[in-house]
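The values are calculated or read from the model by the stated rules, or taken from the named source; none is laboratory data. Everything quoted here is computed from the prediction, not taken from an experiment. Glycine gets a Cβ as well: all are built from the backbone with ideal geometry, and neighbour counts include every protein chain shown. SASA here: full protein model, heavy atoms, side chains in, ligands and nucleic acids out. Shrake-Rupley method; radii C 1.70, N 1.55, O 1.52, S 1.80 Å.
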Amino acid sequence: MGLPPLLCITPFGRPDPHLAAALARAGVPCAVDLGCDPSAGAQCLWTALDGAGAAAGRVGVMLQRDVDPALLAGAAFLILAPGIDAEPYRGLGEIHAQVRDLSEARAALESGATALIAKGSEAGGRIGTRSTFILLQQLLESGALPASVPIRGQGGIGPHTAAGCLAGGAAGFVLDSALALARESRLPAGLKERIATLDGSETVVVGEHRVLRRPDVALADALGEASVEEVAARMGADDLDEQLLPVGEDVGLAVMLADRYCTAGGIAHAVEAQALAAVGQADSQAALGPKAALAQEHGCRFPVVQGPMTRVSDGAEFAAAVAEGGGLPFL
């Protein structure tokens, strides 16, 4: 199929067929997250395919758990949560596996995944300990994985971080939480009101899952010592007194993006266009190259300034290492 740089997933583990269909009609591939009830989620997939019409070839599915492959007929591509074996889904289109470290990436490719999504610790739901950019660097390191495997970044993605993914060598990036307030989103009105007040700092990691925590959503505190399995069983968006909302730190972008671009397609195209433009600008201007103005002015190899951090980097050895690496150190 050859998917473009941007992929979308319906936010918060909810199978929102209307959002997926709107994105597909706008030319953006979107996976319907089948959520905790695969049978009900499959019904939503069929609704999305019907709503997308001629653009049904851009509608995929996101699997949080194993599903009867027969329920996925018509899906253009699959996204598998960390740990799901790709073998049962061979032949159903491109299989994108979310991974949290290099070992998961290798296992996913061995089981039949055709592409990878580096799911960083900023993302909502099941995560690992590495941030998106650090994880991407590890997966993209020469020789770590076959060079032909497309790798996208997920977690903390907005226009600027999307550009960072592309500049770092990733094939693209994934939007999910940032789409929550798009015009076509069918989230409950009360949940939308809460999401509109978030700045991205109101999340916490419980049982390897990043979830919402704020004064009026206290379940995360009560389950602070719960196991991975217990937390996974409590994922949901219908009753935040009884369920944990899997939300990423990029949810803080949702209200800004919705205010500026309104529709799901508008948001997706704006993020992708700004990311591609930033990479093109950086390439043409060589702003981080050794001949950049700041580097020439200060006699260092690269225009990179190490910010002073009291009691962290205010030592001669640290400053010398920065200088030897070609940057401008501070004490």
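Remarks
- Note on Ser201 and Ala70: the extension gain reaches 43.2 nm, defined as 0.36 nm multiplied by sequence separation minus the Cα-Cα distance.
- The range 226-282 - accessible surface per residue (Å², probe 1.4 Å): 44 Å²
- In plain terms, the chain from Ala320 to Arg183 could stretch by 44.1 nm, reckoned as 0.36 nm per residue minus the Cα-Cα distance.
- Taking Gly200, Gly53, Gly143 as the candidate residues, the one with maximal mean-square fluctuation in a Gaussian network model of the chain, Cα springs under 10 Å, is Gly143.
- Per residue, the solvent-accessible area of the range 112-214 (1.4 Å probe, heavy atoms of protein chains only, all protein chains present) comes to 38 Å².
- Using the Cβ-Cβ distance between Glu141 and Arg214 with R0 set to 41 Å, the FRET efficiency from 1/(1 + (r/R0)^6) comes to roughly 0.65.
- Our helix-only sum for the chain, with -39,500 (n - 2.57) per DSSP H run of n ≥ 4 divided by its residues, gives a mean residue ellipticity at 222 nm of -10000 deg cm²/dmol.
- Summed side-chain charge close to Thr129 - residues other than Thr129 whose Cβ falls under 11 Å, Lys, Arg +1, Asp, Glu -1: 0
- Theoretical gain in end-to-end length, Ser284 to Glu229 [0.36 nm per residue, Cα-Cα removed]: 14.9 nm
- Around Arg100: net Lys/Arg minus Asp/Glu count, Cβ-Cβ under 15 Å: +2
- Mean-position separation - Cα centroids, the range 6-55 and the range 126-143, in angstrom: 27 Å
- From the largest down, the chain spans 63, 44, 40 angstrom on the principal axes of its Cα atoms.
- Estimated FRET transfer efficiency when R0 is 35 angstrom, pair Asp239-Ile134 (beta carbons, to 0.05): 0.50
- Listed residue (Val204, Ala75, Ala107) projecting farthest to the positive dipole end of the chain, Cβ model: Ala75
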